[in-house]
Amino acid sequence: MSIPIVHIYDALYRMGFKGDNTGFFYLSYAVYLCLNSPHPEMMLNEQLYAMVGERYRIRPKRVRRTIFRTISGVWNTSSQQMIHLAKISLGRQPGGLEMTRLLMTYILLNRNEWYS
């Protein structure tokens, strides 16, 4: 089943992210690539940043750094909201790949809400 990008945006908004920076879109596209892959677990590595960078025509290192900064902004203002929705204990700010995994899990667990 293909997951529409709007569901990924919704999940990001619920976790406290705002669609006012490029990191939001890099992260949403990374999640989109993983969720619509036949083997999403195989995509959770540094190569994912390269794929996002290819789409946006920027270097993978910049993708990783921008996503990290975006997560930092949310972590500093809405960490409790993020932890509550992720339904796991986060003792520290998640990195880009970890956040991608958390968002994928959240979306897959809640997709019935969107399709009912």
Legend entry - Unique match (being touching a residue at least 12 places away in the same chain (Cβ under 8 Å) and within 20 Å of Ser2 (Cβ to Cβ)) among Thr105, Thr70: Thr105
Inset, instruction - Taking Gly53 as the residue in question, decide whether it is farther than 12 Å from Gly16 by Cβ and part of a helix (DSSP H, G or I). - result: yes
Inset, instruction - Working carefully through the options Val63, Val52, find the one that is modelled with pLDDT of 95 or more and touching a Leu at 6+ places or on another chain (Cβ under 8 Å). - result: Val52
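Of all residues in the range 65-96, how many are in a helix (DSSP H, G or I), open to solvent by 30 Å² or more (accessible area, probe 1.4 Å) and either within 19 Å of Gly19 (Cα to Cα) or of a type in the set (S, T, N, Q) (or both)?
Narrowing the range 65-96 to residues in a helix (DSSP H, G or I): 65-86, 96.
Filter once more, so that each one left must be open to solvent by 30 Å² or more (accessible area, probe 1.4 Å): 65, 68-69, 73, 75-77, 80-81, 83-85.
From the residues that got through so far, the ones that are either within 19 Å of Gly19 (Cα to Cα) or of a type in the set (S, T, N, Q) (or both) too are 65, 68-69, 73, 75-77, 80-81, 85.
The number of residues fulfilling the criteria is 10.
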Inset, instruction - Kindly check whether there is at least one residue in the range 98-105 that is surrounded by fewer than 16 Cβ atoms within 10 Å (Cβ to Cβ) and either among the aromatic types (Phe, Trp, Tyr) or farther than 14 Å from Ile8 by Cβ (or both). - result: yes
Legend entry - Of all residues making up the range 35-64, the number that are open to solvent by 100 Å² or more (accessible area, probe 1.4 Å) and of a type in the set (Ser, Thr, Tyr): 0
Inset, instruction - Pull up the range 3-34, narrow it to residues that are open to solvent by 80 Å² or more (accessible area, probe 1.4 Å) and assigned to a loop (DSSP other than H, G, I, E, B), then point me to the one that is farthest from Gly95 (Cα to Cα). - result: Asp20
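The values are calculated or read from the model by the stated rules, or taken from the named source; none is laboratory data. Remember, predicted model here, so these are calculated numbers, not experimental data. Because the Cβ atoms are built from the backbone with ideal geometry, glycine has one as well, and the counts that use them run over all protein chains shown. Calculation scope for accessible area: heavy atoms of the full protein, side chains included, ligands and nucleic acids excluded. Shrake-Rupley method; radii C 1.70, N 1.55, O 1.52, S 1.80 Å.
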